[in-house]
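**Q** Take a look at the following structure, please.
The values are calculated or read from the model by the stated rules, or taken from the named source; none is laboratory data. Quick caveat, the model's predicted, so the values are computed rather than measured. Note that we place each Cβ from the backbone using ideal geometry, even for glycine, and neighbour counts take in every protein chain shown.
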Amino acid sequence: MDSSNGFIATSADWLAVLPEAILACFGVLLILAGAFKKFPPIACRMLAYLGFAASLAALAFAGKESAFFETLSSRAECTALFVFCGILSVSMSARYLESLATKNAGEFFGILMFAAAALSIFSRSQHLMLTFVALEASAICFYALIAWGRRTVENLEASIRYIIASGVSGAFLLLGIAFIYGASFDIGSDMLYFGNFTEGAGSALFGVGAVLAISAVFFKLSAFPFQFWSADVYQGSPLPVGAFLAVASKSAAVFVLYKMLISLPYSSSLVNILSLSAALSIIVGNFGGIAERNPKRIIAFSGIANAGYLLVFLTSAVVLLNLGAENANMISLTLVFYVLAYAFALYSVFFTQSLNYSESDYNMDICAYNGLSQKNPLATVSLTVALASLAGIPPTAGFFAKLLVLVLAYAAGLYWLMLVLILGSAASIYYYFKWIRASCEPAKEGAVCGFGRGYASILLALTLAILILGVKYALYLC
Amino acid sequence: MEISEIFLVSGVYAPLVCALAIAAFYKAGGFLVKTIAAAGFAISLFSSVASFWKCFCGCQVAADSVFGQLGLNGVSAAMYLLAGIVGFAAFVWTLSSPKKIENITAYLLCMLAMQGGLMGMFASQNILWMYAFHEFALVPTFIAMCVWGGEKRRAAAMEMAIYLTFGALLALLGIIALAFVATRSLIFNLPELVEAFGANAVNPKDAGFIFAVLAVGLGALVSLFPLHSWAPKTYEQAPTAFSMLHAGVLKKFGLYVLIQVAIPLLGVGAASALKVVATLALFNVIFIGLCTMAQTNFKAMVSYSSVSHMGLCFLGIASMSVLGAGGCVLIMFGHGLSVAALFIFAEIVNDRFSTCDMRLLGGAYKKMPVCAGLFAAAIMANIGLPGFANFWGEFCVFISLWNYSAAFCALAVLGIIISAIYGLRAVANIFLGGEGENVKTRGARDISWRERAAVLILLAALVIVGFCPRLITNPLNGTLSDIASYNLTQKSAK
């Protein structure tokens, strides 16, 4: 660190965190606005959109090196994803907030923006201490968001579960940091920096610390063996929050994990641990999903399986980058593509789910989708496309994402993982197609489909995005 | 853009565009939807015939599209033609079907989406797109089965989806390996792959392994024993038009990729894996053949017989000769048409007598003589009697098998006897003999002209190729003779 401007940030330095700063400022603004009863919810929503848009615009200025924020990577592209998720979650929350008696929409949006900012910092951090701070910051936002419907037991229960899970994960990370910090004394350089990880090769202390730190991120990713919380938490959270948790939080975890893993010194035991965890995530996710009948729980198990697919990708990336950097381009492309495909598909499913008016979806059976095709054909089509994308049926984006992962795994020589992946995918057909089937079948006699209309333009846009991303990318391949 | 390019591309685009148009005018219903669907199927029929004719005349048929490079050779032209004809027949049948189809708009939408997949998978020159089109066709099939299928549709549809996805994904592994092993990059275009494989020979051990993966994956798609259990259930439960399209066309995808991609590229390395495939295929021919004989329900019998016939196709491929592979394509062509016709008859019988159970039928000849005649013709085509396309296919396969292994040939010929037994017995049980329980109680009308249309289209194609097999075999011979893998044993055979 340059001593001349040691603790004083210049305006150029602030530019580096401009997107996150804007998000946080608007968050504060929204919470303040929420305090005024006369400030209508629709205005809060507009303010939230404005904040996200401003943050997106600020991305143009980000990406500069900053000596002051040296613990932060200058690459801020992933912020766009969190902003995107935030915008979609804000749109989805309109109906949810209406259904609650309290009208404090401003607070809800404000905390959502804080969460987005924290996740953005989390995925940009390149120093374990900052990773920890950002992880905790995002977790605190999620505690509040998940428990938003304070009067319902489900929300509170889910929030408590999340507090415990993420508390444990924070403790793991902190313990890992302590170990690595200890190892730094032996070696003499600050190994909390991702860039200095390689110097820890051979140090047992560092090894233990690294495993603990990775486990902490596994919690966020909901990868085996730290996946146990996700089904219950998803089931109990409000839909917009569930979607944000499922997409943004998971993507942030993947980004961080990717950066950590490729910085770590290569060792075959690391690859073995990762592949084992990948295989078990795929198995637990897909075979656990078969038994589920609640849409949100199915999404959770599908999320565990997808964490497994992403771990296959990360394992292949570790192996390939150790062999040489010739595939580096393809690897980062796969990461972006996979996360985008997952985000589109999952938001499409969540939007369809949020068209359910009849009852709380905590105990919803998948049969509640019967009759959707007659009531809302567009939602049926978009649900079908989204689930087909999650299942990996071409020509959707999900198929090409899976294809890219398979190609990388093949190049890395992880043949048995490929086999596990396709077996898992074949098993996953059962619960994805069960859902498609439920939405196509007519409602049982006497029963009324509890779904309504709405979000037509968003559903259409997401469906087209899934298809176009698929077809367009395929063109690039051919 | 040349006229032949327009033909080729429009055949793939038309069904998909028409499907989108139906989705846009979803609420209009009735006449408009039927007209749009008619346009989609008619264009793809016309395109397939025109492209096939171009190919027969020896012209180069290739075009660029949104879905990568399209192009036809002798093998794919025949299959493309098959997809066009069966698709159109299925559509004609859907309009004239005696059973009223609820929500016909959605039904036609699913059919068009499936037809787009079928046309695309045979027209594509890119392995990845072939795969993508095939998988894409799976979703409408699944939905159609779930909504319009028979009583046990839910389990059958799920079993089909899981089996087919598993098979397809396994084949995808093989395809990735195939592309990677030769080029070390992501090139899936067939002509470039052929070049790459020509430039650097692949280690036979690797080739054998890749072929084995492909064969298992594709085998599951074509219901190769012991991965066949999904097929009879699917065809029995699916609505007629989808049974026609699936059993007639979609299922042929696995064999098509083996003939068009796997064997030409992997060549000698495939030989040992093919021995295993051929042995399993014998189980298809004989074991499943015997299962077919045991069926009392006519629709189930047709479903099983279509599984059994796929064995002969695999045996033709296993001989790795021009004659065998060509015979396989001819069987695929003939079988696709004849099995589609038989599914139509299954629905007619079910409509007239409220059952397909052959124990309750018999003597229907007096009530519906024309139907009986057409039915017998379709059955004979299915058995492979001379005068129909299937005959030439089976003939070629047996000759090539004799060169491959006399024992295999002897066992495979049993398949013909078996299929004659169940086929002719079906004719006897339904139309001849004393009047069955359900025939007595119901005053059945004969097959109407509207209902005849679809059957006549299929039978006409069967007979034309049966009397003039040159139509298919000339381009086929030209393509297959240029492929080294099929000409390894040619000299010794001569």
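**Q** Within the stretch B:43-69, restricting attention to residues that are within 14 Å of B:G84 (Cβ to Cβ) and in contact with a strand residue (DSSP E or B) (Cβ under 7 Å, 6 or more places away or on another chain), which residue is nearest to the other protein chains (Cβ to nearest Cβ)?
**A** It comes out as B:V61.
**Q** Of everything in the stretch A:346-374 that's aliphatic (A, V, I, L, M) and within 14 Å of another protein chain (Cβ to nearest Cβ), which residue is nearest to A:S439 (Cα to Cα)?
**A** Among those that are aliphatic (A, V, I, L, M) and within 14 Å of another protein chain (Cβ to nearest Cβ), it is A:L372.
**Q** Something else about it: Which of the residues spanning the stretch A:437-478 are within 13 Å of chain B (Cβ to nearest Cβ), crowded, with 17+ Cβ neighbours inside 10 Å and under 12 Å from A:A379 (Cβ atoms)?
**A** Once the filter is applied, which keeps residues that are within 13 Å of chain B (Cβ to nearest Cβ), crowded, with 17+ Cβ neighbours inside 10 Å and under 12 Å from A:A379 (Cβ atoms), the stretch A:437-478 yields A:S439, A:C440, A:T463.
**Q** OK, next. Residues that are modelled with pLDDT of 90 or more: find the helices (runs of 4 or more DSSP H) completely inside the stretch B:242-351 holding 1 or more of those.
**A** B:253-257, B:271-282, B:289-293, B:298-318
**Q** Would you confirm whether any residue within the stretch A:401-419 is of a type in the set (S, T, Y), touching a residue at least 24 places away in the same chain (Cβ under 8 Å) and either more than 12 Å from chain B (Cβ to nearest Cβ) or part of a helix (DSSP H, G or I) (or both)?
**A** No - not one qualifying residue is present in the stretch A:401-419.
**Q** Just checking, does the stretch B:58-71 include any residue being within 22 Å of the chain's Cα centre (by Cα), surrounded by 21 or more Cβ atoms within 10 Å (Cβ to Cβ) and assigned to a helix (DSSP H, G or I)?
**A** Looking through the stretch B:58-71, none of the residues is within 22 Å of the chain's Cα centre (by Cα), surrounded by 21 or more Cβ atoms within 10 Å (Cβ to Cβ) and assigned to a helix (DSSP H, G or I).
**Q** For the stretch A:56-100, how many residues meet the condition of being part of a helix (DSSP H, G or I), within 19 Å of A:A43 (Cα to Cα) and at pLDDT below 85?
**A** Qualifying residue count for the region: 6.
**Q** Among (1) under 22 Å from B:P232 (Cβ atoms); (2) modelled with pLDDT of 90 or more; (3) crowded, with 23+ Cβ neighbours inside 10 Å; (4) within 13 Å of chain A (Cβ to nearest Cβ), which single condition is B:L118 missing?
**A** It is condition (4) that B:L118 fails.
**Q** Looking only at residues that are surrounded by 21 or more Cβ atoms within 10 Å (Cβ to Cβ) and aliphatic (A, V, I, L, M) in the stretch B:462-479, which one is nearest to B:L323 (Cα to Cα)?
**A** Looking at the filtered set, the residue picked out is B:L476.
**Q** On the basis of being surrounded by fewer than 21 Cβ atoms within 10 Å (Cβ to Cβ), in contact (Cβ under 8 Å) with a residue 24 or more places away in the chain and within 26 Å of A:A144 (Cα to Cα), does A:L174 make the cut?
**A** Judged against the criteria, A:L174 is a match.
**Q** Hey, can you tell me all the residues within the stretch A:113-135 that are farther than 14 Å from A:F69 by Cα and aromatic (F, W, Y)?
**A** A:F114, A:F132, listed by residue number.
**Q** Pull up the stretch B:123-132, narrow it to residues that are more than 8 Å from chain A (Cβ to nearest Cβ) and within 17 Å of the chain's Cα centre (by Cα), then point me to the one that is surrounded by the most Cβ atoms within 10 Å (Cβ to Cβ).
**A** This residue is B:A123.
**Q** Given the residues A:T396, A:T315, A:T380, which is the only one that is surrounded by 20 or more Cβ atoms within 10 Å (Cβ to Cβ) and either touching an Asp or Glu at 6+ places or on another chain (Cβ under 6 Å) or within 27 Å of A:L276 (Cβ to Cβ) (or both)?
**A** A:T315
**Q** Now for a different question. With the stretch B:404-494 as the region, which helices (runs of 4 or more DSSP H) entirely inside it contain at least 1 residues that are closer than 22 Å to B:V49 by Cβ?
**A** Where helices (runs of 4 or more DSSP H) fall fully within the stretch B:404-494 and carry at least 1 residues being closer than 22 Å to B:V49 by Cβ, they are B:449-467, B:470-481.
**Q** Would you check if B:I175 is more than 10 Å from chain A (Cβ to nearest Cβ), among the hydrophobic types (A, V, I, L, M, F, W, C), assigned to a helix (DSSP H, G or I) and crowded, with 24+ Cβ neighbours inside 10 Å?
**A** The answer is no for B:I175.
Conditions (1) over 27 Å from the mean Cα position of the chain (by Cα); (2) buried (at least 22 other Cβ atoms within 10 Å of the Cβ), marked per residue:
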| position | (1), (2) |
| --- | --- |
| A:I146 | no, yes |
| A:E154 | no, no |
| A:A158 | no, yes |
| A:R161 | no, no |
| A:I187 | yes, no |
| A:F194 | no, no |
| A:V217 | no, yes |
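**Q** Which ranges mark the helices (runs of 4 or more DSSP H) fully within the stretch A:193-299 that have 3 or more residues being of a type in the set (A, V, I, L, M, F, W, C)?
**A** A:204-221, A:239-244, A:250-263, A:268-290
**Q** Could you give me the residue pairs with C-beta distances under 6 Å whose first residue belongs to the stretch B:279-299 and is of a type in the set (K, R), whose second residue is part of a helix (DSSP H, G or I) and buried (at least 17 other Cβ atoms within 10 Å of the Cβ) wherever it lies, and which are 6+ apart or on separate chains?
**A** Hits for this filter: B:K299/B:E236; B:K299/B:A346.
**Q** Residue by residue through the stretch B:393-428, note down the ones that are of a type outside the set (A, V, I, L, M, F, W, C) and buried (at least 22 other Cβ atoms within 10 Å of the Cβ).
**A** Once the filter is applied, which keeps residues that are of a type outside the set (A, V, I, L, M, F, W, C) and buried (at least 22 other Cβ atoms within 10 Å of the Cβ), the stretch B:393-428 yields B:G393, B:E394, B:S400, B:Y404, B:G415, B:S419, B:Y422, B:G423.
**Q** Which is farther than 19 Å from B:W230 by Cβ, within 14 Å of chain A (Cβ to nearest Cβ), in a helix (DSSP H, G or I) and in contact with a Leu (Cβ under 8 Å, 6 or more places away or on another chain), of B:A137, B:A113, B:A83?
**A** When all the criteria are applied, what remains is B:A113.
This table checks each residue for (1) farther than 13 Å from A:A412 by Cα; (2) in contact with a Phe, Trp or Tyr (Cβ under 9 Å, 6 or more places away or on another chain).
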site	(1), (2)
A:L274	yes, no
A:S277	yes, yes
A:S281	yes, yes
A:S302	yes, yes
A:G308	yes, yes
A:F313	no, yes
A:A317	no, yes
A:E326	no, no
A:L335	yes, yes
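**Q** Between A:L387, A:L408, which is within 16 Å of A:N294 (Cβ to Cβ) and either of a type in the set (G, A, S) or under 23 Å from the mean Cα position of the chain (by Cα) (or both)?
**A** One residue alone meets the criteria, A:L387.
**Q** If only one of B:V147, B:V181, B:V194 is without any contact (Cβ under 8 Å) to a residue 40 or more places away in the chain and either assigned to a helix (DSSP H, G or I) or facing chain A (nearest Cβ under 9 Å) (or both), which one is it?
**A** Result: B:V181 is the single residue among B:V147, B:V181, B:V194 that is without any contact (Cβ under 8 Å) to a residue 40 or more places away in the chain and either assigned to a helix (DSSP H, G or I) or facing chain A (nearest Cβ under 9 Å) (or both).
**Q** Could you list, in sequence order, the residues of the stretch A:97-129 that are surrounded by fewer than 18 Cβ atoms within 10 Å (Cβ to Cβ) and over 19 Å from A:L239 (Cβ atoms)?
**A** Hit for the stretch A:97-129 is A:M129, nothing else.
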